[in-house]
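Asks: Sharing a structure here in structure tokens format.
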């Protein structure tokens, strides 16, 4: 459950309900970029919520950050996707960069300059060691050549962290990371991919044949894979947080509808089949919250938390599918069983429970 004792969590929850929730459906239906929310996110400190104060961040603790992301995702998952993709980029600079790079890049990103994390390629997704993008030394810096796929924020970002191989023969140990302005000549961002959901959080293909200065290299050559894996540990907890936020919203809408909808003169919620469904949704969500909070606590401790973050992501991402399916079944149940499939006429949307907007 949300911890009201954390002032930023309560503030973000209020903002999400007032400003994100009313606009979320239109952003999704029309595939509208959620970028107009960026100034307010920056004003609230959320663009640097994962960063320490010395680089412009607001030092939100790991558990509070879990709740912040959940609150945003429960109102507008696309906005949460944009924000957490930005965290991947800033985490990469924080973890892999030098002190000079952190001081040069992160304060402006915490203030609202958007970041993107360029790891995935057309032939290298779950195994980034298979990437074929490369870099070679040239006078004054490096020449980077390659392509990336499904990169969140890329078409709108100011800074893209690109992972490429500086040593093709070294596998994962030959991967290095570079912080590159999106406007670098030779870097081309394609049209947004068509996605089934999160349509307001655009993802893009990237191609590049660019030259960058020495200072674009984050840390040392060959350190990119280690940086990426540490970043993704953080990212998995944030994916879990997004799933939790979406599931909390779905459960709330299902409960509100079950109380308002009357079948045979009594609320749908009085039927045992509906109660079973809502109970299963509640238990599923609680389990995901527990393992995700454990991962956040381990993250806060400074210990390695790869196992916990992977468990949280798996449990929460599978949970949210079951919980949202339960919501659809409750919204469309007419006999109290909550087992009915969706058979309504094309274009029909169940009415939004009034309580959901409160």
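None of the figures in this text is laboratory data; all of them are computed from the coordinates on show. Small disclaimer: the values here were computed from a predicted structure and weren't measured. For neighbour counting, all protein chains shown are included, and Cβ atoms are generated from backbone atoms with ideal geometry for every residue, glycine included.
Asks: Arrange the following residues from fewest to most other Cβ atoms within 10 Å of their Cβ: 138, 237, 323.
Replies: Ranking 138, 237, 323 by Cβ neighbours within 10 Å, fewest first, gives 138, 323, 237.
Asks: Continuing with the same structure: If packing is taken as the average number of other Cβ atoms within 10 Å across a peptide's residues, how do 241-254, 266-279 rank, most packed first? Could the numbers behind the result be given before it?
Replies: Values: 241-254: 24.3, 266-279: 16.9.
Taking the mean over residues of other Cβ atoms within 10 Å, the ranking is 241-254, 266-279.
Asks: Additional query: Across 10 Å bins from 0, what is the distribution of all Cα-Cα pair distances for segment 7-110, in whole percents?
Replies: It works out to 16, 48, 28, 8, 0, in whole percents.
Asks: Further question on the same structure: Counting other beta carbons within 10 Å of each Cβ, put 87, 15 in order, fewest first.
Replies: Lowest count first: 15, 87.
Asks: Could you tell me how many degrees, from 0 to 90 and to the nearest 10, lie between the Cα long axis of helix 77-96 and the main elongation axis, the longest principal axis, of the Cα atoms of the chain?
Replies: 30 degrees
Asks: Something else about it: Given an 8 Å cut-off on Cα distances and at least 6 residues of separation, report the relative contact order of the chain as a percent.
Replies: Reported relative contact order: 16 percent.
Asks: Taking Cα atoms, how many degrees apart are the long axis of helix 306-332 and the longest axis of the chain, rounded to 10 and kept between 0 and 90?
Replies: Value to nearest ten degrees: 40.
Asks: Quick check on the chain: helices-only [θ] at 222 nm, where DSSP H runs of length 4 and up contribute -39,500 (n - 2.57) each and the sum goes over total residues. Nearest 500, please.
Replies: One gets -15500 deg cm²/dmol as the mean residue ellipticity at 222 nm.
Asks: Could you work out how far the C-alpha centroid of segment 296-316 sits from that of segment 173-200, in angstrom?
Replies: Spelled out, the Cα-based centre of one part sits 27 Å from the other.
Asks: To the nearest 10 degrees, how steep is helix 62-75 against the longest Cα principal axis of the chain, on a 0 to 90 scale?
Replies: Value to nearest ten degrees: 60.
Asks: As an exercise, use a Förster radius of 22 Å and the Cβ-Cβ distance of residue 193 and residue 19 to find the FRET efficiency, rounded to the nearest 0.05. If you can, show how the numbers build up before the last one.
Replies: On the way: r = 26 Å, r/R0 = 1.20.
E(calc), rounded to 0.05, equals 0.25.
Asks: Restricting attention to the alpha-carbon atoms of the chain, what are Rg (one decimal) and Dmax (integer), both in Å?
Replies: Taking only Cα atoms of the chain, I get Rg and Dmax of 21.7, 80 Å.
Asks: Need the full-extension length gain, residue 59 to residue 10, defined as separation in residues times 0.36 nm minus the C-alpha distance. One decimal, nm. Don't jump to the answer; show the numbers that get you there.
Replies: Values: separation 49, 0.36 × 49 = 17.64 nm, distance 1.60 nm.
Working it through step by step, the gained length comes to 16.0 nm.
Asks: Using only the Cα atoms of segment 115-222, what are the Rg and Dmax in Å?
Replies: 13.4, 44
Asks: Right, here's the next one. Between segment 1-64 and segment 212-261, how far is it from one alpha carbon centroid to the other, in angstrom?
Replies: Centre-to-centre distance over Cα atoms comes out at 13 Å.
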